[in-house]
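Below: one structure, written as C-alpha cells.
Every number in this text was worked out from the coordinates using simple rules, so none of it is lab data. Remember, predicted model here, so these are calculated numbers, not experimental data. Neighbour counts run over all protein chains shown; Cβ positions are idealised from the backbone, glycine included.
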Amino acid sequence: MKNILRHREYVGSVEIDEHEGFLYGRVLGIQEKITYRAERADELVRLFRAEIDTYLDRCARENVAPEIPYKGSFNVRIAPALHRRLAIHAIATGMSLNRLIEHILSSYAPLYESPKDTSVR
C-alpha cells in the first residue's frame, strides 16, 4: 500500500525522489493541482496541511466553493457478463444496481479506513 497523508477531507500522496533526495506529493481526488515538497517527513506533513489550508482560505476569499474530493460518484468499466450478473442479482434482491455495488464495496473499504487527521501510512 502506498503512503498517504490526510487533512480535513483531503488525501495526498507521498513520493520519494531517490536521485535528488527529497519527498514530494500532490493532493488526490480533485482537479486543482496542489503539490508539496520537503526533505523530511515531518516537514512534508506540515507543508501538505499548509497547502490544503491555503487552498481553502483562497476559495473562501474568492467566494468559490472548494472542490470536494471523492463526491460519491465514479465510473467503473467491467465485462458485460459481470454487469449482467450484477444487474440480475440486484433485481432479484430488490436493490438498485448502485445500492448493490455500494454494499459490495463497503465490505471491502473498511480495511483502509483511518482517522481524518494527517498521517503517513
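Of the listed values (i) 26, 16, 14; (ii) 24, 17, 14; (iii) 35, 18, 13, grab the one calculated as semi-axes √(5λ) of the Cα gyration tensor in Å from the structure here.
Given (i) 26, 16, 14; (ii) 24, 17, 14; (iii) 35, 18, 13, the structure-derived one carries the label (iii).
Give the order of LEU44, LEU56 when sorted by the count of other beta carbons within 10 angstrom, beginning with the fewest.
Ranking LEU44, LEU56 by Cβ neighbours within 10 Å, fewest first, gives LEU56, LEU44.
Give me the angle, in degrees from 0 to 90, between the Cα long axis of helix 97-106 and the longest principal axis of the Cα atoms of the chain, rounded to the nearest 10.
Here the helix axis deviates by roughly 50 degrees.
Could you give the length gained on full extension between THR35 and ARG58, defined as 0.36 nm per residue of separation minus the Cα-Cα distance, in nm?
6.7 nm
Suppose a student asked you for the relative contact order of the chain, using Cα pairs under 8 Å spaced at least 6 residues apart; what percent would you report?
That works out to 28 percent.
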